[in-house]
Amino acid sequence: MAYADDTTWIARFKEEIQKIIDISTEFYELNDIELNSRKSELLVLNHKTKNKEQDNIPEIRLGKLKEIVRAKKGKEAIRHLGVWISEKGGKECNKLIIMKEVTRMCKAILWKKASVSQLVYLNNSVLLPSIEYRLQTSFLSKNIYKHIQRPIWTLIKNKMGLAKSAPNSMCSHIKILDMRTIWQN
């Protein structure tokens, strides 16, 4: 038994994608390859509903059991080749993904014994390049960048023994720290 990893099918119409999947399913059956519909995702761009019902979510049938795979709705994103794509995401979708990434990193290091310089290194060398990569397709305002980076600033201020309300400039002007912001990059 084998499994197909990272298979992408692209089509213009539902009928076309269903035909491609049916042909692929026959091939997979001949070669004893199984598709997992629970790990499969469907993204429909420029979907036009025939009636104005909210329940009209596009779907396809996958595998020999013809299991239903429903399309992602609105701002739900799919990761493809390291890029997040959604039907109606745009800037807001990228902002939410970046916020989750910053929050995840802050939660991971919150209770760790790390020096301020280690936190600055994580910010400058790990977090910021990742954020820059995600923002290649979007431009956000300076205030949104500040909002995104607020949790890491809070963590660094906490390690320095400063109040959460202390201005970020207190940290960034200390030459030893060399703390960079998203806006500076």
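None of the figures in this text is laboratory data; all of them are computed from the coordinates on show. These numbers come from a predicted model, not from an experiment. All Cβ positions, even for glycine, are placed from backbone atoms using ideal geometry, and neighbour counts span all protein chains on display.
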Reachable lysines, given that their alpha-carbon falls under 18 Å from the alpha-carbon of K164 and they are not under 8 places away in the same chain: K107, K146
Can you list the HN-Hα couplings for the stretch 114-129, worked out from phi with the Karplus curve (6.51, -1.76, 1.60; θ = phi - 60°), rounded to whole Hz and with x for Gly and Pro? 9, 7, 4, 5, 5, 5, 5, 4, 4, 5, 6, 9, 10, 6, 4, x
With a Förster distance of 35 angstrom and the Cβ-Cβ distance between Y121 and D22, calculated FRET efficiency to the nearest 0.05 equals 0.10
Apply the Karplus parameterisation 6.51 cos²θ - 1.76 cosθ + 1.60, with θ equal to phi minus 60°, to every residue of the stretch 65-79 and state each ³J(HN,Hα) to the nearest whole Hz, in sequence, with x for glycine and proline. 8, 6, 6, 7, 10, 8, 5, 5, 9, x, 9, 5, 10, 10, 8
Any lysines with Cα under 18 Å of the K112 Cα? List them, leaving off those in the same chain fewer than 8 positions away. K157, K159
³J(HN,Hα) across the stretch 93-107 via Karplus (A = 6.51, B = -1.76, C = 1.60, θ = phi - 60°), whole Hz, x for Gly/Pro? 4, 4, 4, 5, 5, 5, 4, 5, 5, 5, 4, 4, 5, 5, 5
Sorted by chain and number, the residues with a modelled amide H under 5 Å from that of L140, at a separation of 5 or more or across chains, are none
